[in-house]
Amino acid sequence: MAGAGRILTVLLLAMLPGTRAPAVAEPAPPPWTGSWETAPSGTASALPGAAIRNVVHLSVGGTAVRIRLGNRFGTAPLRLGAVTVALRRGTGPDAVPGTLRTATFHGATTVTVPPGQDMVTDPVPLTVPAAADLLVTVYTPEDGGPATYHQTALQTSYVAPDGAGRAADEDGAAYTTTVSRWYYVTGVDVLGTASGSIVAFGDSLTDGNGSTPDTNHRWPDRLAERVRADGFGVLNAGISGNRLLRDGTGPSALTRLDADALDRAGVRVLVVLEGINDIKGTPKADDVTAYADAYRTLVARAHARGIRVVGVTLTPYRGFSAYTDAREAVRQQVNAFIRTGGIFDAVADADAALRDPTDPARLLPAYDPGDHLHFNDTGMAVVAETVRAALGAVRCGDGRSCRGAATPPSALHALR
């Protein structure tokens with residue numbers, strides 16, 4: 001797999017503007033690659049004195065990890081009294097014996113994170129396999145003000161209310177309270193032979209609403225299963241309630257693009273599924289030109305970093321409370337632009353894959369969890385497969401499809 005990863009990386013370089021793959025692949029140092037992410041969505045009340053044991057599910061593995069922690073929406077300095085990392089044993093808060101490590105910050109075991117900023121730990125020597133559950137425990141000794149969190153985790157995590165000294169516990173007996181949010185932790189990078197990461201960027205459809213909690217059945221998780229053998233991690237930057245054009249839950253897509261996507265470790269591809277909350281929300285957003293301009297901006301900013309972009313069509317939602325025929329007309333026009341506007345490196349037509357052939361404005365019942373907007377586990381798997389197929393059509397650097405191109409196919413074309 002290490003050799004395959006190096007080959008994929010070299011092929012990927014061949015598709016980037018202004019680059020050419022060397023005649024002979026030289027060994028590269030193991031890169032840091034994003035293995036898990038959540039995008040901060042807002043704040044909750046602080047839990048002073050508590051140790052919060054966040055459960056996160058990795059996509060790819062490595063020989064070391066580093067943890068991203070955030071005070072992005074905080075209003076006061078946040079003191080972290082201890083941060084530990086461990087592999088999870090079973091399905092609760094217990095650590096696999098011998099795997100618990102204390103994370104440091106420039107060698108110190110405590111750190112103060114200024115408001116509005118994120119912090120990355122020093123490398124933590126811990127071998128983690130792909131698809132592992134990791135325990136990231138954060139002890140906050142005092143009230144640091146509003147706690148940056150991700151609200152819709154769809155994952156049970158654990159809290160030790162009297163957290164002094166508990167971050168180092170392998171036994172989870174002190175973690176007597178459960179929460180369905182991720183506090184402070186925003187990402188996990190791994191050191192290893194991964195070829196890079198794919199960021200899934202969007203709203204509740206990407207965040208996982210409608211899928212079964214504690215099963216990792218969001219479509220980015222299912223995509224991770226499909227591309228893991230090719231060495232790619234998948235990062236979920238979905239925020240329930242997020243919008244493309246304006247702030248909603250969390251900053252708008254254009255505002256948060258760098259922090260939640262482009263600045264993440266080893267990003268090679270950005271997958272964009274965003275815009276339905278603008279269409280169905282208030283104030284009215286029916287100017288299709290505004291959507292087109294926003295997509296162009298997202299793509300241009302990604303391309304400036306050498307990152308390719310897959311556009312995903314917006315899926316049906318007839319039957320949802322906010323549906324109107326006028327809004328459906330906007331969705332159809334936006335989808336026409338995504339399909340034919342020519343700005344994306346590839347298009348994943350989730351609309352075509354999930355709609356009911358007898359009523360194209362409605363989700364096929366087999367994919368509908370009952371609210372007529374989100375996707376159930378089966379629908380999530382269909383979206384993942386649709387995106388995976390689109391990755392194989394990502395264009396080479398000269399703008400042509402890699403299929404049949406004179407230059408070697410891109411690494412993403414190999415993801416099939």
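Here are the numbers for the structure shown:
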| quantity | calculated |
| --- | --- |
| Solvent-accessible area, 1.4 Å probe, carbon plus sulfur percent, for segment 94-135 | 58 percent |
| Projected label distance in nm at Asp263 and Ala322, using a 7 Å step from Cα toward the beta-carbon | 2.7 nm |
| On Cα atoms only, tilt of 2-15 relative to the major axis of the chain in degrees | 50 degrees |
| Local electrostatic count, Val179, Cβ distance below 13 Å [Lys/Arg +1, Asp/Glu -1] | +1 |
| Förster-model FRET efficiency, 22 Å R0, Arg79 and Glu170, C-beta, rounded to 0.05 | 0.35 |
| Shape metrics for segment 155-230, restricted to C-alpha atoms - Rg then Dmax, Å | 15.9, 43 |
| Where labels lie 7 Å past Cα in the beta-carbon direction, separation of Val120 and Gln332 in nm | 4.7 nm |
| Estimated FRET transfer efficiency (Asp356, Asp286; beta-carbon r; R0 22 Å; 0.05) | 0.35 |
| Added length on full extension, which subtracts the Cα-Cα distance from 0.36 nm per residue, Ala389 to Thr156 | 80.7 nm |
| Heavy-atom accessible area per residue - segment 56-187, 1.4 Å, Å² | 38 Å² |
| Angle between the chain longest axis and helix 325-340 axis [Cα atoms, degrees, rounded to 10] | 90 degrees |
| Segment 119-198 - Kirkwood radius from inverse mean 1/r over Cα pairs (Å) | 14.8 Å |
| For the chain: relative contact order, % (alpha-carbon pairs under 8 angstrom, 6 or more apart) | 18 percent |
| Given charges at beta-carbon only (K, R positive; D, E negative), |dipole| of segment 52-154 in Debye | 160 debye |
| Relative frequency of Cα-Cα separations exceeding 33 Å in the chain, percent | 32 percent |
| Segment 175-313, Cα convex hull volume normalised per residue, Å³ | 132 Å³ |
| Coordinate range along principal axes, alpha carbons of segment 233-306, Å, largest first | 37, 23, 16 |
| Whole-Å distance, taken between Cα centres, linking segment 77-110 and segment 283-330 | 39 Å |
| Farthest positive-ward along segment 289-367 dipole, Cα basis, beta-carbon charges - from Val347, Ala361, Thr297 | Thr297 |
| Of all accessible heavy-atom area on segment 292-382, the percent that carbon and sulfur account for (1.4 Å) | 54 percent |
| Helix-only mean residue ellipticity at 222 nm for the chain, each DSSP H run of n ≥ 4 adding -39500 (n - 2.57), per residue, nearest 500 | -6500 deg cm²/dmol |
| Listed peptides 266-279, 326-339 by packing density, highest first (mean Cβ within 10 Å) | 266-279, 326-339 |
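The values are calculated or read from the model by the stated rules, or taken from the named source; none is laboratory data. Keep in mind the model is a prediction, meaning the values are calculated, not measured. Neighbour counts are summed over all protein chains in view; Cβ atoms, including those assigned to glycine, are modelled from backbone coordinates with ideal geometry. Keep in mind that these areas ignore ligands, DNA and RNA; they rest on the heavy atoms of the full protein, side chains included. Shrake-Rupley method; radii C 1.70, N 1.55, O 1.52, S 1.80 Å.
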